[in-house]
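Notes follow once the structure below has been shown.
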Amino acid sequence: MDQNPRIYDQPVSFTASSDHTKFITNVYAWMGGALALTGLTAMYVYSNEALLQFIFSSSLNYWLLIGAELALVIYLTAAINRMSAQKAMLYFLVYSAINGITMSSIFLMYTASSIASTFFITAGTFGAMSLYGYTTKTDLTKVGNIAIMGVMGLIIASLVNIFLQSEMIYWATSFIGVAVFTGLTAYDTQKIKQMAVYQDADSEAGQKTAIIGALMLYLDFINLFLMLLRFFGRRD
């Protein structure tokens, strides 16, 4: 998702090779940490019957959590230039934890073994596309633009299907969703690689840009995982 604020417009003076590597490492470290926090939070909530009952006994509670997630993402991407790097990191971690709470619902729908296998399928797909995006010399801007339009279409179709409950729309959005987030993974990786050229990894701006890059890849991974779970998830 193209939510990256242009906090990297002004080049800074640094040693390109070392800072480039450190910046990319920071991005993937934050992304991996956020995914781990989401997974651990989801498993904790699922293992706590009182929490499950509180969250999912009322649709209002669940939708409030969804609203909090959206508000955090919007605020983080819109206001990151005005906040400190530490505050941006905190918001990212809080968002990841809240996402873990809402994602605990997948344990109520699918078997643990199918969730685990889908996670590894997602990791393999994500890794391959991220490697492609990082190494290819092809400009993926057109792919990214098409994928972003696809995301908008998926959102609209999913909202419509809340009322229609059409199985055809469900499976169509699933197939399209896998393609969209696979393409976005490659595009966002290439975009992050380009961002790295202008970053001093240890600077305030460099740390904040790394958080935005991690958020982009985190969203790609989570959405790809949820789309693949529709195909590979197994119910009891």
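Read-outs: derived from the displayed coordinates by stated rules, not from any lab. For clarity, every value in this text was computed on a predicted model and none was experimentally measured. Reconstructed Cβ throughout: ideal geometry from the backbone, glycine too, with neighbour counts over all protein chains shown.
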Original post:
What do you get for Rg/Rh over segment 152-206 if you use C-alpha atoms and the Kirkwood form of Rh?
Top reply: 1.28
**OP:** Could you pull out every whole DSSP H run in the chain that spans at least 18 Å of Cα extent along its own axis and averages 1.6 or higher on the Kyte-Doolittle scale?
**Re:** 141-164
Original post:
List the lysines whose alpha-carbon lies under 22 Å from that of Lys142, not counting same-chain residues fewer than 8 positions away?
Top reply: Lys191, Lys193
Original post:
Cα-based Rg of segment 89-138 per 2.2 N^0.38 Å, rounded to two decimals?
Top reply: 1.54
Subject >> Relative compactness, the chain, computed as alpha-carbon Rg over 2.2 N^0.38 Å >> reply: 1.03
**OP:** Rounded, prolate or oblate: pick one for segment 67-194, where a ≥ b ≥ c are the square roots of the eigenvalues of its C-alpha gyration tensor, a/c under 1.5 means rounded, and failing that, prolate if a/b is larger than b/c, else oblate.
**Re:** rounded
Original post:
For Lys142 and Gln165 in one chain, what is 0.36 nm times their gap in residues minus the Cα-Cα distance, to one decimal in nm?
Top reply: 5.0 nm
Subject >> Taking the chain and dividing mean pair separation by its residue count, relative contact order in percent (alpha carbons under 8 Å, at least six apart) >> reply: 39 percent
Subject >> Cα-Cα separations in segment 38-124 greater than 18 Å, expressed as whole percent >> reply: 52 percent
Subject >> Semi-axis lengths, Å, segment 124-236, gyration tensor of Cα atoms, sqrt of 5 times eigenvalues >> reply: 30, 14, 14
Subject >> Net charge over other residues, Cβ less than 10 angstrom from the Cβ of Lys22 (K, R count +1; D, E count -1) >> reply: -3
Original post:
For the residue pair Ala29 and Ala128, what label-to-label distance in nm results when each label sits 7 Å from Cα along the Cα-to-beta-carbon direction?
Top reply: 3.0 nm
